[in-house]
Amino acid sequence: MTIAKIKLDGSVISTFKPRAVNVGDGDNMVQYPKGIFVGASQWTDAELNALGFARFYEQRVGPLQRSTGHTDTFEDGIVTRVHTLIDYVAPVVPDKTPADPDYDHVEERRRAYPSQEEIIVALWEASVEGRPEAQDALEIKRQAVKKRFPKA
């Protein structure tokens with residue numbers, strides 16, 4: 001389950017996995033336990049909305065698709081995100097290993113692979129936030145790089 005922090009109009013500020021949250025600031029700050037989102041003490045959608053939160057559901061983007069944007073809909077106290085999708089188009093792969101004697105597939109792959117930062121963010125989103133889209137996209141990119149720069 002994912003929770004959205006929302007504005008009064010229902011637009012999404014951010015999303016997160018259920019956890020204890022602080023609402024307000026200074027002397028008016030109140031800490032609410034994770035249980036308001038899940039479990040036996042789970043609050044109703046109306047109660048969560050009054051604090052600026054909503055349950056959040058997102059359309060899954062498959063590994064053979066790419067999102068070109070999204071639309072959030074706030075209805076009946078719940079936020080639903082729907083993506084505009086296109087089919088994934090793989091990069092052009094050379095027919096054979098380059099004949100150049102200086103060809104080094106390790107170095108070529110290193111330059112083309114996603115950065116460590118991209119990988120860390122994708123792993124975080126998949127494991128902590130339950131959003132595997134970036135991880136799936138990076139794996140597709142990695143496989144395309146391996147095909148583009150095969151072992152000599």
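Bear in mind these aren't lab numbers, they're just calculated from the coordinates by the rules spelled out. Computed from a predicted structure; not experimentally measured. All Cβ positions, even for glycine, are placed from backbone atoms using ideal geometry, and neighbour counts span all protein chains on display.
Is at least one residue of segment 57-73 basic (Lys, Arg) and either in contact (Cβ under 8 Å) with a residue 40 or more places away in the chain or within 30 Å of Asp25 (Cα to Cα) (or both)? The answer is yes, given that some residue of segment 57-73 is basic (Lys, Arg) and either in contact (Cβ under 8 Å) with a residue 40 or more places away in the chain or within 30 Å of Asp25 (Cα to Cα) (or both). For segment 6-31, taking the residues that are surrounded by 16 or more Cβ atoms within 10 Å (Cβ to Cβ) and assigned to a strand (DSSP E or B), the one that is nearest to the chain's Cα centre (by Cα) is identified as Thr15. Residue pairs whose Cβ atoms lie under 7 Å apart, separated by 6 or more positions or on different chains, with the first residue in segment 35-50 and under 20 Å from Phe74 (Cα atoms) and free of Cβ contacts under 8 Å to residues at least 24 places away in the same chain and the second of a type in the set (A, V, I, L, M, F, W, C) and not in a helix (DSSP H, G or I), are Ile36/Trp43. Restricting Phe53, Phe149 to those that are surrounded by 12 or more Cβ atoms within 10 Å (Cβ to Cβ), more than 30 Å from Val21 (Cα to Cα) and of a type outside the set (Lys, Arg) reduces the list to Phe149. Among the residues of segment 124-140, which ones are among the aromatic types (Phe, Trp, Tyr) and over 15 Å from Thr2 (Cα atoms)? Passing the criteria: none in range.
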